[in-house]
Amino acid sequence: MVSVILEWANLFVRWFHIIVGIGWIGTSFFFIYLDAHLTAALGGNKHSAGKIWLIHSGGYYEVEKLKYVPPDKIPELHWYKWEAYLTGLSGITLLFIVYYFGGSGFMVDPAVANLTQLEAVAIGIVTLAGGFAIYEAIWRSPLNRLEGVMNLVCAALLVVIAWGLTHLLSGRAAYMHVGAMMGIIMVSNVLFVIQPGQRRMVRANAAGQVPDPAWGNAAKQRSVHNNYMTLPVVFVMISNHFPNTYGQKWNWAILLALFVIGGLVRYFLNTFDRGGKAAPYVLAGAVVGALALALATSLPMSSGAASGERVSFNQVDAVFAHRCVQCHSARPTDDMFHEAPNGVKFDTKQQIAGVLAKIKLMAVDTNAMPLGNKTGMTEKERALLGVWIAEGASLD
């Protein structure tokens, strides 16, 4: 009963998370685009930061960015904040549903570290809170003026956190917690810096005063941070569908490489339309990096024949019986799954033959399955499966 409720909660919260996330990401991209395309407005308004004309939905839009507006000229302000807050709340709720309440198979991998579910959850929560606290301490310190240096410091800390988590939690959980940490930082930027800065601007306007530029500069800085974190966080949101990333031995390096590729793509999008001369080369670097990463991760983890003889079906069927059918059968006995995940079943030869590509990806080329390796599949057994598939996967 509880598992069924959690599954439905997973569905509805995930659906909601995607919807509000699209709204937040869309507005972020849109305002970055506006700032990049503003041109000097005619009329010489000293408070104007530029103007842009747009066409959409059968009409024209005239948008001007102003640093100060007399209070009587603002009939109504439209704020953009709830998309961020709801994305953050739904994301944390989803983390609890899937990883903290969903069972140790998602959080713990005995082959990585011998942890209990409670210990793994504690590590996850400390990472989320600690990552946010360190980020805030860095960017609220006087050293934040050394923006380039502080960006390098944050990048180095991200490397340490990614490496550490992948040596404590399952690969899938490690990825999700790195992404969740970044997501919490993004929401906090909106809640604690961007929105307060904008409220100060509005109060100054209402008092007939010109806002302190520092408020807007701080909000702009955090908005840019959020913009560059967006693509990496979106990857983490979908990463559980790609075991060829989190299931690899060097999964932490793959994660960071994908973050760099996402950052390069974001830089290209932000600078190309402004005439950035380096933008095409940055995009080319991202493409080359993506191809190199795909090639590197296409090499199988397990290698070497298990013996000098051909592998029979009876040999691999014993592996399936001991390591796989607890979940992948018509009547699973696993404590987490009461239906075969993704409908994959190993009850018959024909069912096994129909999912050979998935078996190779999930259990031979990566360690993604069994989930959390809770049934204890050995490297020798993975190699046995690999040899059997390479030999043509005989069912005799």
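Taken together, the values in this text are just the output of simple stated rules run on the coordinates, not laboratory data. Everything quoted here is computed from the prediction, not taken from an experiment. With ideal geometry, Cβ positions are generated from the backbone for all residues, glycine too; neighbour counts draw on all protein chains shown.
Each peptide among 219-226, 181-188, 47-54 gets the average number of other Cβ atoms lying within 10 Å of its residues, and from highest to lowest they stand as 181-188, 219-226, 47-54.
Taking the C-alpha atoms only, the angle from helix 213-238 to the longest principal axis of the chain is near 20 degrees. Of the trypsin sites (Lys or Arg not before Pro) found in region 232-296, the ones in coil according to DSSP and having at most 11 other Cβ atoms within 10 Å of their Cβ are Lys277. Legend: translational diffusion of the chain by Stokes-Einstein, Rh = Kirkwood radius over C-alpha pairs, 25 °C, 0.890 mPa s; D = 102 µm²/s. Within a straight-line Cα-Cα reach of under 29 Å, Lys51 can be paired with the following lysines, leaving aside sequence neighbours fewer than 8 residues apart in one chain: Lys65, Lys67, Lys73, Lys81, Lys220, Lys277.
Relative to the longest principal axis of the Cα atoms of the chain, the long axis of helix 251-271 lies at roughly 30 degrees.
Loop only by DSSP, 10 or fewer other Cβ within 10 Å of the Cβ. Give me the trypsin sites (Lys or Arg not before Pro) in region 74-174 that pass, ordered by residue number.
Those that pass, being in a loop and sparsely packed, number zero.
Let me make sure I get this right: for region 24-68, a, b and c are the square roots of the gyration tensor eigenvalues over alpha carbons, sorted descending. Under 1.5 in a/c it's rounded, otherwise prolate if a/b > b/c, else oblate. Which is it? The shape class here is oblate. Our estimate of slack between Phe30 and Leu143, defined as 0.36 nm per intervening residue step minus the Cα-Cα distance, is 37.7 nm. Size estimate for region 76-133 follows the Kirkwood approach: the inverse of mean 1/r over distinct Cα pairs works out to 13.3 Å.
Return a single number: how many Lys pairs in region 313-390, at a sequence separation of 8 or more or on separate chains, have alpha-carbon atoms below 17 angstrom apart.
Step by step, the pairs that qualify in region 313-390 add up to 5.
Angle of helix 279-297 to the longest C-alpha principal axis of the chain, folded into 0 to 90 degrees and rounded to 10: 20°.
Could you work out the percent of alpha carbon pairs in region 313-390 separated by over 15 Å, rounded to a whole number? I get 50 percent for the Cα pairs in region 313-390 exceeding 15 Å.
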